[in-house]
Number of protein chains: 2
Amino acid sequence: MASVNENYLKLQGSYLFQTIAKKVDAYTKAHPEAKIIRLGIGDVTRPIVPAIVEAMHKAVDEMGKAETFRGYGPEQGYEFLREAIVKGDFKSRGVDIDPGEVFVSDGAKTDSACIQEIFGSDLKFAVSDPVYPVYLDSNIMFGHTGPWNEAKGTYDGVVYLPCSPENGFKPVPPKEKVDLVYLCNPSNPTGTAMTKEELGSWVDYARREKVVLIYDAAYEAYITETSVPHTIYEIEGAKDVAIELRSYSKCAGFTGVRCSYVIVPHALVAYKKDGTAVELNPLWNRRQGTFTNGTAYIIQRAAEAYYSEEGHKECMADVDYYMTNAHIIRDGLKAAGFTVYGATNSPYAWIETPKGMKSWELFDLLLEKANVVTTPGSGFGPHGEGYLRLTAFGTRENTEEAVKRIQALHLIQ
Amino acid sequence: MASVNENYLKLQGSYLFQTIAKKVDAYTKAHPEAKIIRLGIGDVTRPIVPAIVEAMHKAVDEMGKAETFRGYGPEQGYEFLREAIVKGDFKSRGVDIDPGEVFVSDGAKTDSACIQEIFGSDLKFAVSDPVYPVYLDSNIMFGHTGPWNEAKGTYDGVVYLPCSPENGFKPVPPKEKVDLVYLCNPSNPTGTAMTKEELGSWVDYARREKVVLIYDAAYEAYITETSVPHTIYEIEGAKDVAIELRSYSKCAGFTGVRCSYVIVPHALVAYKKDGTAVELNPLWNRRQGTFTNGTAYIIQRAAEAYYSEEGHKECMADVDYYMTNAHIIRDGLKAAGFTVYGATNSPYAWIETPKGMKSWELFDLLLEKANVVTTPGSGFGPHGEGYLRLTAFGTRENTEEAVKRIQALHLIQ
């Protein structure tokens, strides 16, 4: 008799962004005239840049001719892309990565949800609170947590790392023993970023405690301060303890194109029950070799074009565009009296709700009174309660208009 | 301290096709002059058809313009594709499928490896022997088997369904209790196909025993006999017991384009430990919503074009081309004295090795003496020993040449 994975039944409600989408749909149906501005989900709005469009057309043509057609590619990604990554994202920052340490994939969401599969099923993990929901939900679904604890508003068995104004929304190593720690830097959702020194203390901790860090650098292109590292491997010794996740969604607008990669250094190990060290790179290689047939050729050519001189220039112009939006949100809401975090090394602004309002209260109010969609901080964890996340990925016009509408509500006297 | 998933260490050697690739690479390096013909991995060689190339160019252009740019799509797939699937693959065969039962994805390999995640972790499963390695290996990696049993050449805890000339290489329901059964029809690797009646007895069994069938119909486009169903849902009652996996790799040449889909009927349930029935459709929906951001927009437009009048006609012409190759292999090797199965409803021919040779012996012999790459049957399971799989996905010229070279060896007097 087929049994279900009862871990799925522990999950509270549906995925945050699906809930928001439903609320917005319902509002739109009731108010078809409303001009909704979406600063909720971190989805880009700028089109794919010309150099990448050109590369995709070229790849499509290749697929249409027998002489240049490509069938199954290497599950780990084509050499042309792995080498472009090594050169463009690492050598350029003084970091040596071997192409054999690079695993191309079709999205950092998938990578971050699946990476745990190579670890023991009794693993204990830590996540920031608030946190990008996928790290937590995917672990729940694989049975790495206890049940939902209604009183606490958390899952039993998870080590939460509280992020608050007191620690600048930067997680610090836990006292409890854990096996894995998920770190997102610059952080989603708070938009804050750890410096090289702060991240260094995480690497020291992980080396000392034999912990593996799952380091999500999806927002590295938005870093403006030189104190913040673009890759964790800028920290000495990080290759012994960290897996890095990277995405083209935010640096090249690939949310609908789908490409990402994972770095699993050759030096990285985890342990068998008998204490023997086992290299993780061949394990992830085997995982990808068995579970996927690699990423579409056309998409890999698109990612490669991100590293061309023209492609990179065009993509960075879009990143600048979004960062200007981030500053408009940050400065505009500060001017309206809000306390605002992030939006300096990140496309996200993290704003405190006024007068002790709950996150969903302010979400509803902004949807109804300003027709602006945001993301309630409480959807990212209990320490997100009392905050909202706003993204800078809208158009300039919409971003300016949204800020004006929120200012006009005079929520803070 | 981070521990490894020790289930990975149970795996014997590396993924079959990676092993073959290494052998061929080594041979090619030693004999750079050899003109190798690859009839091993089931990879297509015909380019993407014009109607699909055109659809991809159009989608690429849309992604390059702000007005038509698409970011994150629905994790389940765009409505335009789900509706095209319902109409093109099911309504056309008298089967009603709701678009909400369709989950678009980027490859049937991934789908077949991941679908088990929604079932209880103590699941017991059955697979054909020989079998497509991914069903088995992915279950090993998730800990659903015991260790490798060297004496038997099988994994403990797995229910193998022997396929041999005696049963026409068609699996029959096991006596042991299982939760899941993987069925591939037409079968990879044997190329044989169950009729509607034979599949009907599987559906009856599954309904009686509350077993879920994972039905892989990746090769349905190659069915030529009317007695063989194109979808399991042609069998009455199948929606209560079966998940169907479909792929565009073989019907539209998408091995490098990457698109597939899964049907999880609303009627399908599995059970909690307390005996409560739970619908599987919302569970897979949640899995996809948490673990993926959907399939690339451009790729979904490519799949949609497969269902256009022009696209379908062009794709079916390629299917015919490959089926002619299949007949050339089947008839040519029969003429040379080989016993050949399959290649009638499938692009695969399954040939018996002569004189009791081992699969890898004949593989090596054909690689070295005929420079033809095949797949050793033993790589698909112990009952595959003594067979080779040949694929019809080569060019006409290479297929004819490979058959001539094998005939010229006069292996069978």
Quiz item: Among the listed residues B:363, B:338, which satisfies the condition of being over 30 Å from residue B:91 (Cβ atoms), away from every other protein chain (no Cβ under 14 Å) and in a loop (DSSP other than H, G, I, E, B)?
Solution: B:338
Practice problem: Looking for whichever is crowded, with 21+ Cβ neighbours inside 10 Å, more than 13 Å from chain B (Cβ to nearest Cβ) and farther than 28 Å from residue B:1 by Cβ here; the options are A:257, A:228. Which one fits? | Solution: A:228
Quiz item: Residues in the stretch A:350-360 that are outside any loop (DSSP other than H, G, I, E, B), in contact with a Ser or Thr (Cβ under 8 Å, 6 or more places away or on another chain) and in contact (Cβ under 8 Å) with a residue 24 or more places away in the chain: how many?
Solution: 4
Self-check item: Restricting the stretch B:275-306 to residues that are in contact (Cβ under 8 Å) with a residue 12 or more places away in the chain and among the small types (Gly, Ala, Ser), the residue that is surrounded by the fewest Cβ atoms within 10 Å (Cβ to Cβ)
Solution: B:289
Quiz item: Across the stretch B:177-214, which residue is nearest to residue B:40 (Cα to Cα) among those that are touching a residue at least 40 places away in the same chain (Cβ under 8 Å) and of a type in the set (D, E, K, R)?
Solution: B:179
Exercise. Looking only at the stretch A:307-324, decide whether some residue is at the interface with another protein chain (Cβ under 10 Å from one of its Cβ atoms), more than 22 Å from the chain's Cα centre (by Cα) and touching a residue at least 40 places away in the same chain (Cβ under 8 Å).
Key: no
Quiz item: When you scan the stretch A:3-87 for helices (runs of 4 or more DSSP H) that lie fully inside it, which ones turn up with 3 or more residues that are under 28 Å from residue A:219 (Cβ atoms), more than 8 Å from chain B (Cβ to nearest Cβ) and modelled with pLDDT under 95?
Solution: A:16-30
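For every residue, the table says whether it meets (1) under 24 Å from the mean Cα position of the chain (by Cα); (2) charged (D, E, K, R); (3) assigned to a loop (DSSP other than H, G, I, E, B).
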{"position": "A:261", "(1), (2), (3)": "yes, no, no"}
{"position": "A:278", "(1), (2), (3)": "no, no, no"}
{"position": "A:282", "(1), (2), (3)": "no, no, no"}
{"position": "A:286", "(1), (2), (3)": "no, yes, no"}
{"position": "A:299", "(1), (2), (3)": "yes, no, no"}
Quiz item: Quick one: is residue B:330 of a type in the set (D, E, K, R), surrounded by 23 or more Cβ atoms within 10 Å (Cβ to Cβ) and part of a helix (DSSP H, G or I)?
Solution: yes
Exercise. Collect the residues in the stretch B:70-94 that are in contact with a helix residue (DSSP H, G or I) (Cβ under 7 Å, 6 or more places away or on another chain), under 27 Å from residue B:236 (Cα atoms) and surrounded by fewer than 20 Cβ atoms within 10 Å (Cβ to Cβ), keeping them in residue-number order.
Key: B:79, B:83, B:93
Quiz item: Mind checking which pairs have a first residue in the stretch B:133-144 that is within 8 Å of chain A (Cβ to nearest Cβ) and a second that is hydrophobic (A, V, I, L, M, F, W, C) and part of a loop (DSSP other than H, G, I, E, B), Cβ under 7 Å, 6 or more apart or different chains?
Solution: B:137/B:11
Exercise. Please go through the stretch B:115-125 and pick out each residue that is more than 7 Å from chain A (Cβ to nearest Cβ) and either surrounded by 24 or more Cβ atoms within 10 Å (Cβ to Cβ) or assigned to a helix (DSSP H, G or I) (or both).
Key: B:115, B:116
Exercise. Could you please give the count of residues in the stretch A:380-413 that are touching a strand residue (DSSP E or B) at 6+ places or on another chain (Cβ under 7 Å), in a helix (DSSP H, G or I) and away from chain B (no Cβ under 14 Å)?
Key: 6
Quiz item: Identify, please: which residue in the stretch A:1-40 is among the small types (Gly, Ala, Ser) and exposed (fewer than 15 other Cβ atoms within 10 Å of the Cβ) and is, among those, nearest to the chain's Cα centre (by Cα)?
Solution: A:13
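The values are calculated or read from the model by the stated rules, or taken from the named source; none is laboratory data. Note that this is a predicted model, so its numbers are computed, not measured. Cβ atoms come from the backbone with ideal geometry, glycine included; neighbour counts cover every protein chain shown.
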